[in-house]
Amino acid sequence: MTKTIVVAACKGGSGKTTLCAALAAHASSTGQRVNIVDADPQQSLGLWYERRGWPENPRCYSAADEHDLRGAITKACAGADWVVVDLPGSLMRTDIAIRHADLILIPVRASMLDLEAVNPICEVADEAGVPRVFVVNAADKDWKLLGSAMDALAELGTVLPETIRYHEGHPAAMAIGQTAAELKSPSSRIARAEITALWAAVSKRVTRKARV
Ligand SMILES: Nc1ncnc2c1ncn2[C@@H]1O[C@H](COP(=O)(O)OP(=O)(O)O)[C@@H](O)[C@H]1O
Ligand SMILES: [Mg+2]
């Protein structure tokens with residue numbers, strides 16, 4: 001049965017597209033059949049997929065409008081172990097995507113401006129009865145802000161301990177249709193370990209909560 005992860009946050013720049021690509025590429029490298037859906041009119045994930053060379057796995061379905069999004073999700077679910085949906089940095093199209101969601105992954109940066117923006121997506125997820133988890137993205141382990149951000153998020157829901165560090169490999173890799181974990185540079189080792197750990201944590205939760 002296909003399991004669907006929707007990556008959402010009412011904030012541009014939190015890392016939704018980067019984490020979608022990274023998680024999908026990692027999961028496909030482990031032998032899983034993965035489809036990704038680009039539900040953002042900016043089409044950043046679709047453009048990354050073009051730069052990647054239109055591979056079969058993970059394969060990307062881009063949705064130009066809401067009608068397309070329903071069709072894209074339906075097509076993406078056919079024959080896939082996993083579908084990962086990338087939403088825009090607002091509630092636009094969220095209602096359509098979360099109807100199919102088994103889990104909502106909410107990337108958040110460790111800053112007040114980002115923390116202040118998480119409530120709307122939490123409310124929509126809770127109204128729909130879809131489990132949601134936060135992942136802190138682009139923060140260094142020694143940031144004082146990291147601890148307080150994780151504490152503040154913990155008041156609002158589950159925060160995965162698998163934080164993703166700030167690493168220039170993420171933007172560098174996205175520019176060439178890859179992910180930081182796939183780069184050959186020595187520093188990509190950390191990104192690889194982090195994304196592997198994040199996928200393990202996220203996929204375990206979806207399996208537990210999967211609908212029948
Ligand atoms: N962990 C990270 N380390 C460094 N840069 C990151 C990280 N995650 C995302 N970025 C960069 O931050 C910017 C916004 O990320 P993006 O994935 O486009 O966010 P969103 O899809 O939520 O708008 C991009 O330039 C991306 O390369
Ligand atoms: Mg994006």
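The values are calculated or read from the model by the stated rules, or taken from the named source; none is laboratory data. Not measured: the values here are computed from a predicted model. Cβ: placed from backbone, ideal geometry, glycine included. Neighbour counts: every protein chain shown.
Overview of results
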{"read-out": "Residue in the stretch 127-142 that is more than 25 Å from SER90 (Cβ to Cβ) and not acidic (Asp, Glu) present", "value": "yes"}
{"read-out": "Residue within the stretch 56-66 that is surrounded by 22 or more Cβ atoms within 10 Å (Cβ to Cβ), touching a residue at least 12 places away in the same chain (Cβ under 8 Å) and over 22 Å from HIS26 (Cα atoms) present", "value": "yes"}
{"read-out": "Yes/no for LEU198 being part of a loop (DSSP other than H, G, I, E, B) and modelled with pLDDT of 95 or more", "value": "no"}
{"read-out": "Options ARG109, ARG132; residue that is buried (at least 20 other Cβ atoms within 10 Å of the Cβ), in contact with a Gly (Cβ under 9 Å, 6 or more places away or on another chain) and farther than 22 Å from PRO171 by Cβ", "value": "ARG132"}
{"read-out": "ILE121 vs. criteria in a helix (DSSP H, G or I), aliphatic (A, V, I, L, M), closer than 24 Å to TYR166 by Cα and at pLDDT 95 or above", "value": "yes"}
{"read-out": "Any hit, the stretch 72-87, residues being among the charged types (D, E, K, R) and within 15 Å of ligand 1 (Cβ to nearest atom)", "value": "yes"}
{"read-out": "The stretch 79-92: number of residues that are at pLDDT 95 or above and out of contact with any helix residue (DSSP H, G or I) (no Cβ under 9 Å at 6 or more places or on another chain)", "value": "1"}
{"read-out": "Scan of the stretch 101-118 for residues that are closer than 19 Å to ILE73 by Cβ and not in a strand (DSSP E or B), ordered by number", "value": "ALA101, ASP102"}
{"read-out": "Answer residue from the stretch 1-16, given it is assigned to a loop (DSSP other than H, G, I, E, B) and in contact with a Leu (Cβ under 9 Å, 6 or more places away or on another chain) and is farthest from ligand 2 (Cβ to nearest atom) among those", "value": "CYS10"}
{"read-out": "Where ASP95 falls short, out of the listed (1) over 21 Å from THR207 (Cβ atoms); (2) within 16 Å of ligand 2 (Cβ to nearest atom)", "value": "(2)"}
{"read-out": "Residues that are within 15 Å of ligand 1 (Cβ to nearest atom), of a type outside the set (D, E, K, R) and surrounded by fewer than 20 Cβ atoms within 10 Å (Cβ to Cβ), drawn from the stretch 146-166", "value": "LEU146, LEU160, TYR166"}
{"read-out": "Residue selected from the stretch 124-152 under the condition at pLDDT below 95 and part of a loop (DSSP other than H, G, I, E, B), by the criterion nearest to the chain's Cα centre (by Cα)", "value": "ALA139"}
{"read-out": "Residue under evaluation ALA27, criteria (1) touching a Phe, Trp or Tyr at 6+ places or on another chain (Cβ under 7 Å); (2) surrounded by fewer than 22 Cβ atoms within 10 Å (Cβ to Cβ), criterion not met", "value": "(2)"}
{"read-out": "Which listed residue is more than 20 Å from GLY89 (Cβ to Cβ), β-branched (Val, Ile, Thr), away from ligand 2 (no atom under 16 Å from the Cβ) and surrounded by fewer than 18 Cβ atoms within 10 Å (Cβ to Cβ), from ILE195, ILE176", "value": "ILE176"}
{"read-out": "Single condition SER90 does not satisfy, out of (1) closer than 22 Å to ALA173 by Cα; (2) of a type in the set (Ser, Thr, Tyr); (3) surrounded by fewer than 22 Cβ atoms within 10 Å (Cβ to Cβ)", "value": "(1)"}
